[in-house]
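Please read the structure below before turning to the comments.
No value in this document is a laboratory result; all are computed from the given coordinates. Just so you know, these numbers come straight off a predicted model, no measurement behind them. Here Cβ is always computed from backbone atoms with ideal geometry, including for glycine, and neighbour counts include all displayed protein chains.
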Amino acid sequence: MSWRAGSVSSVMCWADRTTLWRAIRLRAVFAESNIFHMVVEVPRWTNAKMEIATKDPLNPIKQDVKKGNLRYVANVFPHKGYIWNYGAIPQTWEDPGHKDEDTDCCGDNDPIDVCEIGTKVCSRGEVIKVKVLGVLAMIDEGETDWKVIAINVEDPEAKDLNNIGDIQRLKPGYLEATVDWFRRYKVPDGKPENHFAFNGKFKDKEFAIETIKSTHGFWKALISQKTNSGGLNCKNTCVSAGDSPFCCSTDEAKAVIEGTTTCGTEDPIPCSVDKWFYYEKE
């Protein structure tokens, strides 16, 4: 079940007709410590601000709405839309009650984000296996917002990319463009530039994996009610009733999906989405 970006009334999709954030396993290959599942929220080159709706039943992917209008990421020269396939690692959570010792900021209350740098433009809602290469520590309005850098294991370049230094060597300029994108993408909306821990330097694969493990631990505490959910919808189809009070049966999940409002009339994408924004960097 899926809808395209453009309809205010019902812009959402489910991957494999199940919960995106809660029910897809964290690891893709247990024998390989750096291979994880990724849920694609935003395909490369697109602008619609799609994200896993953590407060909705079964956590579908929805387009963000602000003041009744669908949200789109601006094109800040020289970038067009998102410059990677953008998404999240399931069964992770950046705990807003935990202050990270490296960033000195609490988590942003979302799953950990992933920038997939392979050659294929993925589809929204697609679940892929990615090889983790490194991580960037962004500070977004006072919150820790990790950005994992990874590549689809099926990409022809995946065999040559094994750590963050390989990206610098084989894709020169891509990491710098990534920092530039995250630093400036909110400026057209009237917000200040974002900042980064570690002076905007990427941490390596090992650091990234430990960060993912940490956010997985926060997620496990969340679904076992050791942490306050704070309004998040934690219904989960892959845990047992003995492990979590949020256990949701397949029949219950199916009923939620079947009871979803049907598509409304698709709104046209505004012409302003294709505008290029120029401004002098700080």
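Rounded if a/c is under 1.5, else prolate if a/b beats b/c, else oblate: with a ≥ b ≥ c from the C-alpha gyration tensor eigenvalues square-rooted, which is segment 94-207? Write down the numbers at each step before the final one.
On the way: a/c = 1.60, a/b = 1.56, b/c = 1.03.
Because a/c hits 1.5 or more and a/b exceeds b/c, segment 94-207 counts as prolate.
Which lysines, if any, have their Cα less than 21 Å from the Cα of residue 66, not counting same-chain residues under 8 positions apart?
Cross-link targets: 49, 55, 186, 191, 275.
Can you name the helices of the chain, as whole DSSP H runs, whose Cα span along the helix axis is 20 Å or more and whose Kyte-Doolittle mean is not below -1.0?
205-223
Stretch residue 199-residue 254 to full length: gain in nm at 0.36 nm per residue minus the Cα-Cα span?
So the extension gain works out to 15.2 nm.
Which of the lysines could a cross-linker span from residue 254 if the Cα-Cα distance has to be under 16 Å and same-chain partners fewer than 8 positions apart are dropped?
In chain and number order, the partners are 235.
Go through 201-211, 47-57 and give me the packing order, highest mean Cβ count within 10 Å leading.
The packing order, highest mean first, is 47-57, 201-211.
Can you grab the distance from the C-alpha centre of segment 232-282 to the C-alpha centre of segment 120-191, Å, no decimals?
22 Å
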